[in-house]
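One structure is given here, and the rest of the page talks about it.
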Amino acid sequence: RYPSRRLEAETIRDSMLAVSGKLDLTQFGPGTLDQNMTRRSVYFFIKRSQLIPMMMLFDWPEHLVSIGQRPVTTIAPQALMFMNSPQGRDYAAAFANRLPTDTAEHTVREAWRFAFGRAPSDAESAASVHFLNQQPDTNQAIVNLCQTVLSMNEFVYVE
């Protein structure tokens, strides 16, 4: 048995950008302190007085000391970040714009394919389609579904 392992802060952020279609793959160049940058997380400039809140929430390492192993904590604010973060909502909206809207089943199938690389199970598909059909505003329903998909354990943990 292999215990599930949470991804590092950089990988979580980069995965959210990739699934949303916003990831800028430009290599090299200067780093930045702008937490809204869409380049890979390795391009963040480190300044002790201006650390990136999302990265710190997911155990970004202290950059002034060497560490043998990163700590892995699971705390409630991590889930709240996925639900309440303006950046998380922005990634979900961009993710929703990538999905087809012809049928709810097709939308759900493509969301799972983009996020997890697999088709949804029958139960996941039925629950998601039911969720989409319950909402009065189809566009917001898809964004809400995408935000939920991005906050699922399967997106953040490796099994």
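The values are calculated or read from the model by the stated rules, or taken from the named source; none is laboratory data. This is a predicted model, so every value here is computed, not measured. Ideal geometry is used to build each Cβ from the backbone, glycine not excepted, and the neighbour counts take in all protein chains shown. Remember, those area values only see protein heavy atoms, side chains included, never the ligands or the DNA or RNA. Shrake-Rupley method; radii C 1.70, N 1.55, O 1.52, S 1.80 Å.
Taking 13 Å as the cut-off, the amide N atoms of the range 135-159 that come nearer than this to a point 7 Å along the Cα-to-beta-carbon line of ARG118 belong to 153-159.
Which residue fluctuates most in the GNM of the chain (Cα springs below 10 Å): GLN87, GLN27, GLN35? Greatest mean-square fluctuation among the candidates belongs to GLN27. Around the amide H of ARG40, modelled in the peptide plane, lie the amide H atoms of ASP24, all under 5 Å away and 5 or more residues distant in sequence or on another chain.
Among the trypsin sites (Lys or Arg not before Pro) in the range 1-64, those placed in a DSSP loop whose Cβ has at most 11 other Cβ atoms within 10 Å are ARG1, LYS47, ARG48.
Over the range 98-159, the fraction of Cα-Cα pairs per 10 Å bin, rounded to whole percents and listed from the shortest bin up, is 23, 60, 16, 1. Placing R0 at 25 angstrom, the Cβ-Cβ distance between TYR2 and ASP59 gives a FRET efficiency of 0.80 after rounding to 0.05.
Each stretch of four or more DSSP H residues adds -39500 (n - 2.57); spread over every residue of the chain, this sum gives -15000 deg cm²/dmol at 222 nm.
Ligands, DNA and RNA are left out, and with a 1.4 angstrom probe the accessible area of the range 1-73 is 64 Å² per residue.
Once R0 is set to 30 Å, what does the formula 1/(1 + (r/R0)^6) return for the Cβ-Cβ distance between GLN69 and THR26, expressed as a FRET efficiency to the nearest 0.05? Efficiency at R0 = 30 Å is approximately 0.45.
Using a probe radius of 1.4 angstrom, the carbon and sulfur fraction of the accessible surface of the range 86-159 is 49%.
Relative to the longest principal axis of the Cα atoms of the chain, the long axis of helix 104-116 lies at roughly 20 degrees.
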